[in-house]
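All remarks here apply to the structure that follows.
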Amino acid sequence: MAEERKRRVHYSGKYPKKFEEKYKEHNPDKYADEIAHVIDKGSTPAGMHISIMVNEIIEFLDIKPGQRGLDATLGYGGHTRAMLDKLEGNGHIVGLDVDPIESQKTLERLRNAGYGEDIFNRKLINFANIDEVAKEYGKFDFILADLGVSSMQIDNPERGFSYKIDGPLDLRMNPTKGDSAADRLRQITKEEFEGMLIENSDEPYAKEIAEKVFFRMKQGNKMDTTTELREAIEAALAYVPKDEKKEAIKKSCQRTFQALRIDVNSEFEVLYSFLNKLPEVLNPGGRVAILTFHSGEDRLVKQSFKEFYNEGIYSDICKDVVRPSKEECRKNGRAKCTKMRYAVRS
């Protein structure tokens, strides 16, 4: 029997199209020059995450060796590492995350960088449960919460966070628990979806999008993928003037995916719980900094800080939001909508 002929592996070209090939995080040494070039252009390399407002956060938190801290949203670990460096080997930080996939990679990066269990621990727990964490580790001298979605999650089509890439319409921070965004669309009514779009993302075309999405589902379209939802949004905005349509569709896609993500992960409920428990897990003089990325989040943080300040629970809060510098926004386009608020425990 003749030996089976092997297919020749075709050259994939200079610019790989598959996400797995673009995921530079797996081999940063090999792609060091390309990564630097992408960052310099103001973009984020696929599979990587550039932490936002690191200098402003470190300056405010004023971390001292020997202190105990909490990174409520571990993510890629960039903020965590900067805070660990300020401890100078003396103290401890706990990093929380509900994403078992990306947080495991972050844990391995930090361990490889020399941060052992004596100075850093990761816990797979929602930051709404910071009271449970404080029972185990004690109260904290500084806390950070970055409420943004990590670039690693956005870039991975399997997670369904981006309308730009075809993938399952998932949007769960922990893909092993709860209902996906596709599941949620099958569970709610058209009116509930319209309300979700308005409440979670101030979507001006909420009625049109909800009608088109549910019309297509009624016609047999399962709305299981990011592409199917994006195409429904495009169809809903077909009447928008040609010179406005491209930008309108882009913004509506961003807001629709945001609204679904907030709903799927109960983000407002989680944040509300976190904010209410913050004072009881901070030591006197303890500091908390929170990064928000849309008006709903920022409104909750602002109201909570103001109420506790008026009650004398916080001795100081920021009167105006702190924004990233123009230079940081130039280098990292995902920083542009960031707002930082802070508070100090009495």
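Tabulated values for the structure
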quantity	calculated
Filtered GluC sites (Glu not before Pro), the stretch 94-145: DSSP coil and at most 11 other beta carbons within 10 Å	Glu117
Total charge dipole magnitude, the stretch 66-133, about the Cα centre, Cβ charges on Lys, Arg, Asp, Glu only, Debye to nearest 20	160
Separation between Cα centres of the stretch 103-182 and the stretch 286-336, rounded to whole Å	20
FRET E, pair Ile119, Thr189, Förster distance 56 Å, beta-carbon r, rounded to 0.05	0.65
Average Cα contact separation per residue, the stretch 186-268, under 8 Å, 6 or more apart, as relative contact order %	36
Magnitude of the charge dipole, the stretch 256-323, Cβ model with Lys/Arg +1 and Asp/Glu -1, debye to 20	200
Qualifying trypsin sites (Lys or Arg not before Pro) in the stretch 259-326, DSSP loop, other Cβ atoms within 10 Å at most 13	Lys319
Fraction of accessible area attributable to carbon and sulfur, the stretch 200-294 (%, probe 1.4 Å)	48
About the Cα centre, charge dipole magnitude for the stretch 127-227 (Lys/Arg +1, Asp/Glu -1 at Cβ), debye	400
Label-point gap, in nm, between Gln254 and Asn283 - each point 7 angstrom along Cα→Cβ	4.0
Contact order normalised by residue count of the stretch 105-258, Cα under 8 Å, 6+ apart, percent	19
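The values are calculated or read from the model by the stated rules, or taken from the named source; none is laboratory data. Note that the structure is predicted; figures quoted are calculated from it, not measured. When we count neighbours, we look across all protein chains shown, and the Cβ atoms used for this are built from the backbone with ideal geometry, even at glycine. Ligands, DNA and RNA are excluded from the accessible area calculation, which covers all protein heavy atoms including side chains. Shrake-Rupley method; radii C 1.70, N 1.55, O 1.52, S 1.80 Å.
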